[in-house]
Amino acid sequence: MFKLGLCQMQVTGDKAANLRRAETLLRQAADRGANLAVLPEMFNCPYENACFPLYGEPAGGETWQFLSGIAKELGIWLVGGSVPELEDGKIYNTSYIFSPEGKELGRHRKVHLFDIDVPGGQRFMESDTLTAGDSFTVVDTPLGKLGVAICFDIRFSDFFRVMGDLGAQLIVIPAAFNMTTGPLHWDLAFRMRALDNQCFVAGCSPARDVNASYVAYGHSLVCDPWGTIVAQLDEKEGVIVTDIDLNDLDKYRGQIPILAGRRTDLYRTERLR
């Protein structure tokens, strides 16, 4: 049993202010007993292609140092949302994962870039500026096996199946669905990935800002292995802290043994690396 905290924060064009706001919400989560806390996708800059090169930093930069330091100070496991990471002339949408000692345990670079064009709705092309990652991310912690993905990754069930096969018990997804896809697909996508892999799945979104060029849906949530939403925010800024009991995995997997009955001999698992 441990407590998971999701920090749904308002993101602005001021990086320093974003880091201060993230710190405030992380402190709230820790004060409420969170052992593991999560920030939203692109929490240190506006979600705009034009901003990614301007706000980008290499690993070890200002935002990385902030995340490492606050994880150590608060003594929490931290999935640092995501940020534009600069390396070798490329920009990645990257989530850093830290231990309570402030050590980087791993990082996930968004594998499936968000390129959509919905007539009369949302158009966004991450590939105009970002480079796709090429790895699955599952890290061992004393809390359990933690999988990390980012936003559009969630639409690819096979991607999540591999994380499930790698033992992920909780999969955390910093994400920023919009007002076209959010009302239709947000709850559905997270519930299905939890149900598919009989694990806990959590999504952490930015709060909604109707004046932003990209308007996030919000509604950060936690789903259990039964596909039930056990905690959820609305569109406004806020923090939720909920209990995660990994004993539930055995209970649900025993009732409907999907994982045990999976015919892996018939499937071909495409490992990215």
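The values are calculated or read from the model by the stated rules, or taken from the named source; none is laboratory data. Small disclaimer: the values here were computed from a predicted structure and weren't measured. Cβ sites come from the backbone with ideal geometry, for glycine too, and all protein chains shown count toward neighbours. What goes into the accessible areas is simple: the full protein's heavy atoms, side chains included, and nothing from ligands, DNA or RNA. Shrake-Rupley method; radii C 1.70, N 1.55, O 1.52, S 1.80 Å.
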Checklist entry - How would you rank 4-11, 174-181, highest first, on the average number of other Cβ atoms within 10 Å across their residues? => result 4-11, 174-181
Checklist outcome for this item: Karplus ³J(HN,Hα) for region 141-153 (6.51 cos²θ - 1.76 cosθ + 1.60, θ = phi - 60°; Hz, whole; x = Gly/Pro) runs 9, x, 6, x, 7, 10, x, 10, 9, 10, 6, 4, 3
Checklist entry - When only Cα pairs under 8 Å and 6 or more residues apart are kept, what is the percent relative contact order across region 82-137? => result 31
Checklist entry - Sequence-distant or interchain residues sharing an amide H contact under 5 Å with Lys145, placed H: which? => result Gln169, Leu170
Next on the checklist: How large is the convex hull of the C-alpha atoms of region 100-144 per residue, in Å³?
Outcome noted: 131
Item to check | Computed lengthening from Asp243 to Met1, 0.36 nm per intervening residue step minus Cα-Cα distance | outcome: 86.4 nm
Next on the checklist: Report the per residue volume, in Å³, of the convex hull enclosing the C-alpha atoms of the chain.
Outcome noted: 121
Item to check | Top positive-direction residue, dipole computed over region 37-177 with Cβ charges, set Ala168, Thr63, Leu113 | outcome: Ala168
Item to check | Per residue, in Å², the accessible surface of the chain once ligands and nucleic acids are set aside, probe 1.4 Å | outcome: 42
Checklist outcome for this item: With x for Gly and Pro, the residue-by-residue ³J(HN,Hα) of region 206-215, computed from phi through the Karplus equation 6.51 cos²θ - 1.76 cosθ + 1.60 at θ = phi - 60° and given in whole Hz, is x, 5, 7, 10, 5, 9, 6, 5, 10, 9
Item to check | Carbon/sulfur fraction of accessible area - the chain, other protein chains in place, 1.4 Å, % | outcome: 49
